């Protein structure tokens, strides 16, 4: 079966599935998209080719978009294949997409630096950060405080306190969630104090 035929089958299933999920008969959908019920029936069952000029009103009637209706059924919308980004002793893997989590960014980070960050390089930005340690021990600097966070433990803190993360006794891997401000400061290096080894 060709890729075009597979996609055609997927689109037909989506139309029928969305119609039935709304509890609509063929007549109901037909009235909403200005096609005949017999035409819709043939489209859903594969007895008629689907034309683009038919998909637009069908998508509108089903309260979806043409892109969503004809989206490929591969796993790209589900599986994230992160690529490592290396910068100054920190490797970052983005584990969420721009569309995910209402503006939150999930990342895995590995810090190889095993020394405290200089006080003048601690970052400050609005919001709160959260992370959990996957392996190793994290050194979390919060102003003049140093907090050690072991594997399996988590930390959350106000990012208005000058802060940085590094390894303690060796490399550390964390899973972290940033809000929009944290993502800008940590992953784009837009913090007012400049990027630190704990903030790529």
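Test residue 71 against the criterion of being surrounded by 14 or more Cβ atoms within 10 Å (Cβ to Cβ), at pLDDT 90 or above, more than 30 Å from residue 111 (Cβ to Cβ) and not assigned by TED's automatic domain parsing to the domain that holds residue 110, and give yes or no. So residue 71 fails the test. Summed over the range 130-160, residues that are under 22 Å from the mean Cα position of the chain (by Cα) and under 20 Å from residue 171 (Cβ atoms) total 6.
Considering the range 166-183, and only residues there that are in contact with a helix residue (DSSP H, G or I) (Cβ under 9 Å, 6 or more places away or on another chain) and buried (at least 19 other Cβ atoms within 10 Å of the Cβ), the residue that is farthest from residue 94 (Cα to Cα) turns out to be 179.
So which of 124, 147 is modelled with pLDDT of 95 or more and surrounded by fewer than 20 Cβ atoms within 10 Å (Cβ to Cβ)? Of the residues listed, the single one that is modelled with pLDDT of 95 or more and surrounded by fewer than 20 Cβ atoms within 10 Å (Cβ to Cβ) is 147.
I'd like the full set of residues that are touching a residue at least 24 places away in the same chain (Cβ under 8 Å), assigned to a loop (DSSP other than H, G, I, E, B) and over 29 Å from the mean Cα position of the chain (by Cα), limited to the range 7-48. 46, the sole residue that qualifies.
The values are calculated or read from the model by the stated rules, or taken from the named source; none is laboratory data. Because the structure is a prediction, the values reported are computed rather than measured. Cβ: placed from backbone, ideal geometry, glycine included. Neighbour counts: every protein chain shown.
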